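Colleague: The following block contains the structure, expressed as structure tokens.
The values are calculated or read from the model by the stated rules, or taken from the named source; none is laboratory data. None of the values given here were measured: they were computed from a predicted structure. Heads up, the Cβs are rebuilt from the backbone with ideal geometry, glycines too, and the neighbour counts pull from every protein chain shown.
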Amino acid sequence: MFLKRNKEIEIDYDNLPEHIGIIMDGNGRWAKKRGLPRTAGHKTGAETIKKIVREANRMGIKYMTAYAFSTENWKRPKSEVDMLMDLLLNYLKDAERLMHEDNMRLRLIGSPNELSPEIREQIKHVEELTKNNTGILWNIAINYGGREEITHAAKELYKDIENGKKSIDDITPDDLEKHLYTAGQPDVDLLIRTSGEQRLSNFMLWQVSYAEFWYTDKLWPDFDEQDLHRAIADFQQRGRRFGGV
Ligand code: FPP
């Protein structure tokens, strides 16, 4: 269901998705359309995610995960990677104040090892500072890949078997889930991707098993609070059966 732009978007606050995943796509095209460098698109995109997380928190959404940098994004030109890393560091410095003031929690999902010591330390610092807040938990996916996450979880599970904590015959999906970066969090209910692309791009492969997908042609820097409302209202019209009838 697509609601008209000026029509009031009705949201049922008793039926909010618990966990929203976002693939923020189209920063480069947004900049190109304006004759600007790609980095200008990322800069505006970083402002967009700030306002979307704030709005999701205001609405009472409990978990949000946004794909900021994938394990494949290292293949981009060094200048773009460096700029994205600078942007992330600045964002994380701002997040310290912005997120804490608004009672939000931040968590990194992804492999920290390839990140600069400065980014790793800042993430640890903000995670620690915000860990007792009770608002939205915002997972920022940096150096994240779904396959890498599942492989990491499988290795951890193997260690549990090796040291006798688990027997191989007793392994269940829940045991693997406990080793994902999102351990203890609910699966993604609603997955939003911007820019007209309809791919998963290695995002949260395990957690989107029963997610409802929602796409828009809008480029990420243009995505706004109304679009978030629209996606949630549309989600609320879907019949979810989780494989049942
Ligand atoms: C995809 O657009 C976007 C990314 C690869 C990175 C997303 C990053 C941000 C929104 C900014 C940094 C985030 C934070 C949290 C500070 P694209 O460059 O692939 O766009 P294109 O497909 O139009 O080229």
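Colleague: Among the candidates LYS178, LYS165, LYS155, which residue alone is of a type in the set (Lys, Arg), within 26 Å of GLY60 (Cα to Cα) and surrounded by fewer than 19 Cβ atoms within 10 Å (Cβ to Cβ)? Talk me through it step by step, then tell me what you get.
Modeller: On the way: LYS165 fails: within 26 Å of GLY60 (Cα to Cα); LYS155 fails: within 26 Å of GLY60 (Cα to Cα).
One residue alone meets the criteria, LYS178.
Colleague: Checking LEU106 against (1) under 28 Å from LEU200 (Cβ atoms); (2) modelled with pLDDT of 95 or more; (3) part of a helix (DSSP H, G or I): exactly one of these is not met. Which one?
Modeller: Among (1) under 28 Å from LEU200 (Cβ atoms); (2) modelled with pLDDT of 95 or more; (3) part of a helix (DSSP H, G or I), LEU106 violates only (3).
Colleague: If you don't mind, another one. Does GLY21 meet the test of being within 10 Å of the ligand (Cβ to nearest atom), surrounded by 22 or more Cβ atoms within 10 Å (Cβ to Cβ) and modelled with pLDDT of 95 or more?
Modeller: Details: within 10 Å of the ligand (Cβ to nearest atom): no; surrounded by 22 or more Cβ atoms within 10 Å (Cβ to Cβ): yes; modelled with pLDDT of 95 or more: yes.
So GLY21 fails the test.
Colleague: Separate question: Going by the conditions given, is LEU89 farther than 30 Å from GLY239 by Cα, near the ligand (Cβ under 10 Å from one of its atoms) and in contact with a strand residue (DSSP E or B) (Cβ under 7 Å, 6 or more places away or on another chain)? Walk me through it before giving the result.
Modeller: Details: farther than 30 Å from GLY239 by Cα: yes; near the ligand (Cβ under 10 Å from one of its atoms): yes; in contact with a strand residue (DSSP E or B) (Cβ under 7 Å, 6 or more places away or on another chain): no.
Criteria not met by LEU89.
Colleague: Now a separate question. Kindly check whether there is at least one residue in the range 3-18 that is buried (at least 21 other Cβ atoms within 10 Å of the Cβ) and either touching a residue at least 40 places away in the same chain (Cβ under 8 Å) or outside any helix (DSSP H, G or I) (or both). Full working, then the answer.
Modeller: As a first pass, look at the range 3-18 and keep what is buried (at least 21 other Cβ atoms within 10 Å of the Cβ): 17.
Add one more test, that the residue is either touching a residue at least 40 places away in the same chain (Cβ under 8 Å) or outside any helix (DSSP H, G or I) (or both), and what stays is 17.
Yes - at least one qualifying residue is present in the range 3-18.
Colleague: Scanning the range 196-216 for residues that are of a type in the set (Phe, Trp, Tyr) and touching a residue at least 40 places away in the same chain (Cβ under 8 Å), which turns out farthest from ILE150 (Cα to Cα)?
Modeller: First pass over the range 196-216, keeping only residues of a type in the set (Phe, Trp, Tyr): 203, 206, 210, 213-215.
Subsequent filtering for residues that are touching a residue at least 40 places away in the same chain (Cβ under 8 Å) retains 203, 206.
Numbers: PHE203: 11, TRP206: 8 Å.
Here the answer is PHE203.
Colleague: Would you be able to say whether some residue in the range 101-121 is near the ligand (Cβ under 9 Å from one of its atoms) and hydrophobic (A, V, I, L, M, F, W, C)?
Modeller: No; the residues of the range 101-121 include none that is near the ligand (Cβ under 9 Å from one of its atoms) and hydrophobic (A, V, I, L, M, F, W, C).
Colleague: Hey, another quick one. Identify, from the list LYS78, LYS124, the residue that is free of Cβ contacts under 8 Å to residues at least 40 places away in the same chain, in contact with a Pro (Cβ under 9 Å, 6 or more places away or on another chain) and away from the ligand (no atom under 12 Å from the Cβ). Give the derivation first.
Modeller: Numbers: LYS78 fails: in contact with a Pro (Cβ under 9 Å, 6 or more places away or on another chain).
It is LYS124.
Colleague: Residue check: is ALA68 within 11 Å of the ligand (Cβ to nearest atom) and modelled with pLDDT under 95?
Modeller: Working: within 11 Å of the ligand (Cβ to nearest atom): yes; modelled with pLDDT under 95: no.
No: the conditions fail for ALA68.
Colleague: Filter the range 49-65 for residues that are surrounded by 22 or more Cβ atoms within 10 Å (Cβ to Cβ) and not in a loop (DSSP other than H, G, I, E, B); which is farthest from the ligand (Cβ to nearest atom)?
Modeller: If we filter the range 49-65 for residues that are surrounded by 22 or more Cβ atoms within 10 Å (Cβ to Cβ), which is where we start, we get 52-53, 56, 61, 63-65.
Still in the list and also not in a loop (DSSP other than H, G, I, E, B): 52-53, 56, 63-65.
Values: ILE52: 10, VAL53: 9, ALA56: 14, TYR63: 16, MET64: 11, THR65: 11 Å.
The residue in question is TYR63.
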